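J.: Dropping a structure here in structure tokens format, bear with me for questions.
The values are calculated or read from the model by the stated rules, or taken from the named source; none is laboratory data. These numbers were taken from a predicted model, which means no experiment stands behind them. Cβ coordinates were reconstructed from backbone atoms using ideal geometry, including for glycine residues, and neighbour counts include every protein chain displayed. We work out accessible area using only protein heavy atoms, side chains counted, and drop any ligands, DNA or RNA first. Shrake-Rupley method; radii C 1.70, N 1.55, O 1.52, S 1.80 Å.
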Amino acid sequence: MQPLIDIHLHLDGSLPYSTVKKLMQIHGIPPMTDMQLQSHLSVSNDCHDLNEYLEKFAFPLTLMQTQGDLELIVFDLLKELKQQGLVYVEIRFAPQLHTQNGLTQTEVVQAAIKGRNKFLNWQIKNESTAPLHANFLLCCMRMKNNHQENEETVEVAKKFLNKGVVGIDLAGAETPEFAIHKYKDLFDKARSYHIPYTIHAGEAMGPESMKEALALKTTRIGHGIRCSEDEELVKTIVKDKITLECCATSNLNTKVFDKLDDYPIKKLLSEDVKVTLNSDNMTVSNTNLPFEYQQLEKKTDLTKRDERQLYLNAVRAAFCSEEEKARLRSLI
Ligand SMILES: [Zn+2]
């Protein structure tokens, strides 16, 4: 199996169905048929845009409000990712979305790390070749009246930096109301703390939002696929070696592209853009990383050589240690 790396995967969008069923039972939620569950968790082909897509996070979030929930979800998800052939993953989530039942952001992160460590111990006992390693990115959110919560997220990231957390992100609805420049102070603070970061941009809002993200000195952009609409921007991204975290199926769901045949990842690779391929939200988008590769091989003639480059780009961009990067490079 070809080793895979995912550096753009949302925890709340990637709950395994079997884990959701376990959690519903734990919390006394009446069982649903698979069809009902699917309509709560995953988008159909007629999803209209990013905002409709984001509605699919409401139900899973109700199942992610205790430390036990979070620990179980992380453990189960990592087991699933390992089966898919992943050797490294950066899982992201917003601690402030898991405090509805009284957890603090610190307790949320502690639970996720505990789930990860439990998985790592399980893995040592069960298998040793090409193990899956995992780190977390903490998302600040584009939402109303949550500046204090976002500031706290940066502080919590500092507290757990290189102890399971390796960076921060800015996620949520891409609308002018939540323009990226309004979050500048958070990323200034992150830089002063030496916390690496990535920013969601260039998905719903296009190249202009990517320029705003670059103005905040980010080295990675979540999605960023719409840079292909702006030649000058592509040149800047190549020159500054900015990594794009591309997620093809998710971009189809949110109608950034009508069909996968038009997905420009191969074109961007040929232009020397540091693109990577990721799954974004496995459950919301009904996908996983092996499926993303298969689809692009079929629809855009992605070759094994391209895939090797995508892998190496992900290693380069990952926020893990140099030692971990050396391990990942040795795997291909
Ligand atoms: Zn994302």
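J.: Counting each pair of different Cα atoms once, what's the Kirkwood radius of segment 4-330 in Å, rounded to one decimal?
T.: This gives a value of 19.8 Å.
J.: While we're here: Using only Cα atoms, locate the centre of segment 258-332 and the centre of segment 1-51, then give the distance between them in Å, rounded to an integer.
T.: Segment 258-332 and segment 1-51 have Cα centres spaced 22 Å from each other.
J.: Another question, if that's okay. On the protein heavy atoms, probe 1.4 angstrom, tell me the percent of accessible surface of segment 4-330 carried by carbon and sulfur.
T.: Heavy-atom surface of segment 4-330 belonging to carbon and sulfur, 1.4 Å probe: 51 percent.
J.: Cα convex hull of segment 231-332: how many Å³ per residue?
T.: Per residue, the Cα convex hull of segment 231-332 comes to 111 Å³.
J.: Rounded, prolate or oblate: pick one for segment 146-220, where a ≥ b ≥ c are the square roots of the eigenvalues of its C-alpha gyration tensor, a/c under 1.5 means rounded, and failing that, prolate if a/b is larger than b/c, else oblate.
T.: Prolate, because a/c is 1.5 or more and a/b exceeds b/c.
J.: Taking 25 °C and 0.890 mPa s as the conditions, I'd like the Stokes-Einstein D for segment 76-145 in µm²/s, using the Kirkwood hydrodynamic radius from alpha carbon pairs.
T.: It comes out at roughly 183 µm²/s.
J.: Out of the chymotrypsin sites (Phe, Trp or Tyr not before Pro) in segment 114-199, which ones are loop residues according to DSSP with at most 16 other C-beta atoms within 10 Å?
T.: Of the chymotrypsin sites (Phe, Trp or Tyr not before Pro), the ones in loops of segment 114-199 whose Cβ has at most 16 other Cβ atoms within 10 Å are Tyr193.
J.: Measure off 7 Å from each Cα along the Cα-to-Cβ vector at Arg191 and Glu52, then give the distance between these two points in nanometres to one decimal.
T.: Inter-label distance under the simple model: 3.9 nm.
J.: Here is a further query. So for segment 70-199, Kirkwood radius off the Cα pairs, Stokes-Einstein at 10 °C and 1.306 mPa s: how many µm² s⁻¹?
T.: 103 µm²/s
J.: Expressed as a whole percent, how much of the Cα-Cα distance distribution for segment 126-267 exceeds 23 Å?
T.: Percentage above 23 Å: 39.
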